[in-house]
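Chemist: The structure's right below; bear with me while I get my questions together.
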Amino acid sequence: MLTTSQFSEIKQRTECQEKLPLEVAMQDRILLVAEVERLTRFVKNFSEQVNHKLDKLEIDMGCLETENERLRRTGKSSSIERDACVCLIAQFALALKMSAGIGKYEILEQDKNQQPIVQLQNRVIVDLPSGQVSWDYLDEEAHLFEKLPAYPGAFQSQTIQEIYSKILNPEIPESAEIPQTESSPLLSPIL
């Protein structure tokens, strides 16, 4: 590898008006050709490494796109499954003579910049003995809740921790009975 000073010397000799001795010109030529060959190999190796890394990145991108699509499908499925369970909870609550229903309520949230914004949200609300609990649902999933009545009371804004504290400790009396029907064998006692 030629150093900066060697390049400068060769440049000065070629810019000089004097005629160079043949062996000096040949030596400079040999050094420059060797340097060009070295740089060519370096660029080729570097390009191959870059292309190899780009190929790996493209493979990784393909894998990530596939995984993102899987997660989107799973997320959508999870939302539907969660909302179906929430609807069942509300139906059980109504069967136990608890207040439950659906409604649209203004919810105060924060945007990306931590600024407060008011959004209209679909909510399923159940009044457990331990207090009110609620869940939001998307318009696309409203069909799951069509059979539920409108919630008769006022919506109480709560944190997720407050809601799940009430769910984990619902204070439902042991004497509460779920009505048995022939069409709901899962609710029948196991013999």
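Chemist: Assuming R0 = 22 Å, what is the FRET efficiency of M1 and D60, from their Cβ-Cβ distance, to the nearest 0.05?
Modeler: That gives a FRET efficiency of 0.05.
Chemist: Probe of 1.4 angstrom, ligands and nucleic acids ignored: what's the accessible area per residue over region 9-71, in square angstrom?
Modeler: For region 9-71, the per-residue accessible area is 90 Å².
Chemist: Still on this structure, please answer the following. Highest mean first, what order results for 122-128, 111-117 on Cβ atoms within 10 Å?
Modeler: Descending packing order for the listed peptides: 122-128, 111-117.
Chemist: Pop out the ³J(HN,Hα) list for region 104-117 in order, Karplus 6.51 cos²θ - 1.76 cosθ + 1.60 with θ = phi - 60°, rounded to Hz; leave Gly and Pro as x.
Modeler: Whole-Hz 3J(HN,Hα) from phi for region 104-117: 10, 9, 7, 10, 8, 10, 10, 7, 4, 8, 6, 8, x, 9.
Chemist: For K56, list the lysines whose Cα falls under 20 Å from its own Cα; do not include residues on the same chain fewer than 8 positions away.
Modeler: Within reach: K44.
Chemist: Moving to a separate point now. Nearest 5 is fine: what % of DSSP beta bridges in the chain come out antiparallel, could you say?
Modeler: Restricted to the chain, the bridges split so that about 95 percent are antiparallel.
Chemist: Here's another thing I want to ask about it. If you count only protein heavy atoms with a 1.4 Å probe, what accessible area per residue comes out for region 98-145, rounded to a whole Å²?
Modeler: Heavy-atom accessible area per residue stands at 56 Å².
Chemist: Here is a follow-up. Please list the non-local residues whose amide H lies under 5 Å from the amide H of L128, H modeled 1.01 Å from N, same-chain partners needing a gap of 5 or more.
Modeler: Correct list: V133.
Chemist: Something else now. Quick one: Karplus J couplings for region 162-167, per residue in order, coefficients 6.51, -1.76, 1.60, θ = phi - 60°, nearest Hz, x for Gly and Pro?
Modeler: Taking θ as phi minus 60°, the curve returns 5, 4, 6, 5, 6, 5 Hz for region 162-167.
Chemist: Follow-up. How much of S79 can a 1.4 Å solvent probe reach, expressed as accessible area in Å² and rounded to 10?
Modeler: Result for S79: roughly 40 Å² accessible.
Chemist: Give me the percent of the accessible area of the chain that comes from carbon and sulfur atoms, probe 1.4 Å, all protein chains in place.
Modeler: Carbon with sulfur: 59 percent of the solvent-accessible area.
Chemist: Project the alpha carbons of region 1-135 onto their principal axes and report the range along each, largest first, in whole Å.
Modeler: Projected onto its principal axes, the Cα set of region 1-135 covers 110, 33, 21 Å.
Chemist: Separate question: With a 1.4 Å probe and all protein chains kept in place, how much accessible area does M26 have, in Å² rounded to the nearest 10?
Modeler: Result for M26: roughly 90 Å² accessible.
The values are calculated or read from the model by the stated rules, or taken from the named source; none is laboratory data. As the structure is a computational prediction, the values presented were derived from the model and not from experiment. Cβ: placed from backbone, ideal geometry, glycine included. Neighbour counts: every protein chain shown. In case anyone asks, the SASA skips ligands and DNA or RNA and just uses the protein heavy atoms, side chains included. Shrake-Rupley method; radii C 1.70, N 1.55, O 1.52, S 1.80 Å.
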